[in-house]
Amino acid sequence: MRVHVLNKSFLISLIIIFSIACMLTACKQEGAQQASGNAEGPAAAGFSLQGEFPLCQMDSIHIYTMDGLEFKKLLSAPMEKSGNKSTFRMSGQLPAQGFYMLGQAPNNLTYLILGNEQDVRITGNCMDLRTFTKVENSPVNDAYQQVSQQFTALQQQLRMAQQRLNAQGGANPQAAAEAKAVYEQVHKAQLQIVDSLKSSNPFLAKVFALNVFAQFDPANPQQYANSLEHFGGELFAHADLSDPAYDYIVVLTENLRVYTQTLFNESNQLPQEKAEAYLDALLNKLPEGSLARKNALAVVCDVLERMRSGAFVKYARNYLETYHPRPEIAETLQRRIAVIEDEAKEKARLAIGAVPPEIALPTPEGNILKLSDLKGKVVLLDFWASWCRPCRMENPNVVRVYQKYKNKGFEILSVSLDRDRNSWLQAIQQDNMSWYHVSDLKYWQSEAAKTYKISGIPATFLLDRDGRILAKNLRGPALEAKLAEVFGENS
């Protein structure tokens, strides 16, 4: 089964499409039950499941759930071979109706909804259960697929509205109004689907409530400064996360995976402390001691570790202190904490809100110019080179915004990674770059490039009047929008 997870737009110029990704870590097998036994926890009504696979070499099959950073085996059954077919039968009780993983090992699993249905049947390719499985005689799994298709169709309407808006220009009032109308219609339709499910299938109502999200309305921003903060505060607004049913609804943790990726993505320019505040508020909606909260914190740790975010240190320590995992899990977390903590200290020098390292390099005239000499101005620190085609293509945009804002206190310091002086000076003249320029003509070995960890150009840092980093790597319309915001507030 493909689990239907978040797929919605949260910025006027961006639609995010998500797909499920299982977190494959350590497998906890102690305490596994046989198929006729009871799984741990308060039991749901009994279920039974049978399967048939051709040319299958597995000797057993298991039902798993996530238990924080580990897979937990709940039930098992032997595979019976007859000719070129393998079959199994499994029955028992599970903690609750929910999404469970079926397979032989954590690297070959498929999700399906189990808990209180009898004679559920599954067929497919046992060597690739995640891709090639079919679930039959299960009304709840059938209904899940049907509602998933409805949500997918609604999300396609969002994508098409966004594409039309982009084609007509985001600033076009009529196009923006038409897009807004579609967003509101889609949101209303999502709510209607969930409301109808509350009586016909309360479990699925809880599942799809996680995917209902209202667009940010700049005309009525409420307490949010922008669409990203609205995303952080409102994504799960239609789900009651205190409900114990979310212990076994994997859509929650998979949507939380992308929620975390979005909030902590440096290109989205949300300060880490604000991202943490939104994430903390969300985690606190999950009951202490619940499996949902444990799994949520585990997913957060996994995402932030993959992103190499300094926030990983905080959440990994929280996991260690709260759940006291097995020694091998704890030792792995401690090692990762040490590595990322060291990396975070280095990255903090270039984080949003930080005062970046000094630059002191020769100008074309041979004088030493320091970055700190420009304090008091809003400064775009621009790493480029004459040989860099994307840089040269971006230069007309930079020239345009410089002319627009230079008399309001905007300045540019361009640091060239050239190695040929004549090429550097010729490009400055050709591109009409009438601002400050420096270079040590050392190519990628430039001292400034090394200090600022530059691995590709163009690369930019926008500094406020106090010399602190406001934003990074803004280009084209994004740069102009940020400058309009800055000078709109300070004019």
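The values are calculated or read from the model by the stated rules, or taken from the named source; none is laboratory data. Just so it is clear, the model here is predicted, and its values are computed rather than measured. Heads up, the Cβs are rebuilt from the backbone with ideal geometry, glycines too, and the neighbour counts pull from every protein chain shown.
Criterion applied to Lys73, Lys28 was being surrounded by 17 or more Cβ atoms within 10 Å (Cβ to Cβ), modelled with pLDDT of 90 or more and either under 26 Å from Asp302 (Cα atoms) or not assigned by TED's automatic domain parsing to the domain that holds Gly83 (or both), and the one residue passing it is Lys73. Within the stretch 430-460, the residues that satisfy the criterion of being under 22 Å from Glu358 (Cβ atoms), loosely packed, with under 13 Cβ neighbours inside 10 Å and not hydroxyl-bearing (Ser, Thr, Tyr) are Trp444, Gln445, Lys450, Lys453. Based on what the data block shows, is Asn172 without any contact (Cβ under 8 Å) to a residue 60 or more places away in the chain, under 30 Å from Ile469 (Cα atoms) and surrounded by fewer than 21 Cβ atoms within 10 Å (Cβ to Cβ)? Taking the combined requirement at face value, the residue does not satisfy it.
This table checks each residue for (1) surrounded by 15 or more Cβ atoms within 10 Å (Cβ to Cβ); (2) under 16 Å from Glu70 (Cβ atoms).
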| site | (1), (2) |
| --- | --- |
| Val299 | yes, yes |
| Arg306 | no, no |
| Gly310 | yes, no |
| Val313 | yes, no |
| Asn318 | yes, no |
| His324 | no, yes |
| Glu328 | no, yes |
| Arg335 | no, no |
| Ala344 | yes, no |
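For the stretch 461-470, the count of residues that are buried (at least 18 other Cβ atoms within 10 Å of the Cβ), over 30 Å from the mean Cα position of the chain (by Cα) and hydrophobic (A, V, I, L, M, F, W, C) is zero.
Tyr259: part of a loop (DSSP other than H, G, I, E, B) and not assigned by TED's automatic domain parsing to the domain that holds Met101, yes or no? Judged against the criteria, Tyr259 is not a match. Scanning the stretch 235-243 turns up no residue that is surrounded by 21 or more Cβ atoms within 10 Å (Cβ to Cβ) and part of a helix (DSSP H, G or I).
Every residue, every condition in (1) of a type outside the set (A, V, I, L, M, F, W, C); (2) under 30 Å from Gly409 (Cα atoms); (3) in contact (Cβ under 8 Å) with a residue 12 or more places away in the chain, yes or no:
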site: Glu321; (1), (2), (3): yes, no, no
site: Val339; (1), (2), (3): no, no, no
site: Ala344; (1), (2), (3): no, no, yes
site: Thr363; (1), (2), (3): yes, yes, yes
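When you check Phe208 against the structure, is it under 26 Å from Leu297 (Cα atoms), in contact with a Ser or Thr (Cβ under 8 Å, 6 or more places away or on another chain) and either at pLDDT 95 or above or assigned to a helix (DSSP H, G or I) (or both), yes or no? Answer is no for this residue. Within the stretch 121-143, not a single residue is within 22 Å of Ala205 (Cα to Cα), in the same structural domain as Glu52 (by TED's automatic domain parsing) and part of a strand (DSSP E or B).
Evaluating Ser414 against the criteria (1) surrounded by fewer than 21 Cβ atoms within 10 Å (Cβ to Cβ); (2) in contact with an Asp or Glu (Cβ under 6 Å, 6 or more places away or on another chain) leaves one unmet condition, (1).
Only one entry of Lys188, Lys206 meets the criterion of being out of contact with any Lys or Arg (no Cβ under 8 Å at 6 or more places or on another chain) and under 30 Å from Pro95 (Cβ atoms), and that entry is Lys206.
Could you check, for the stretch 418-429, whether at least one of its residues is touching a Cys at 6+ places or on another chain (Cβ under 6 Å), surrounded by 12 or more Cβ atoms within 10 Å (Cβ to Cβ) and over 30 Å from Arg317 (Cβ atoms)? No, the stretch 418-429 contains no residue that is touching a Cys at 6+ places or on another chain (Cβ under 6 Å), surrounded by 12 or more Cβ atoms within 10 Å (Cβ to Cβ) and over 30 Å from Arg317 (Cβ atoms).
The residues of the stretch 327-364 that are at pLDDT 95 or above and among the acidic types (Asp, Glu), listed by number, are Glu328, Glu331, Glu358. Scanning the stretch 471-491 for residues that are surrounded by 17 or more Cβ atoms within 10 Å (Cβ to Cβ) and either in contact with a Gly (Cβ under 9 Å, 6 or more places away or on another chain) or among the β-branched types (Val, Ile, Thr) (or both) turns up just one, Val486.
Could you tell me how many of the residues in the stretch 69-116 are farther than 21 Å from Pro54 by Cα and either assigned to a strand (DSSP E or B) or without any contact (Cβ under 8 Å) to a residue 40 or more places away in the chain (or both)? So the answer is 14. If you go through the stretch 365-397 and keep only what is surrounded by fewer than 17 Cβ atoms within 10 Å (Cβ to Cβ) and either free of Cβ contacts under 8 Å to residues at least 40 places away in the same chain or in contact with a strand residue (DSSP E or B) (Cβ under 7 Å, 6 or more places away or on another chain) (or both), you end up with Glu365, Gly366, Asn367, Ile368, Lys370, Asp373, Arg389, Arg392, Met393, Pro396.
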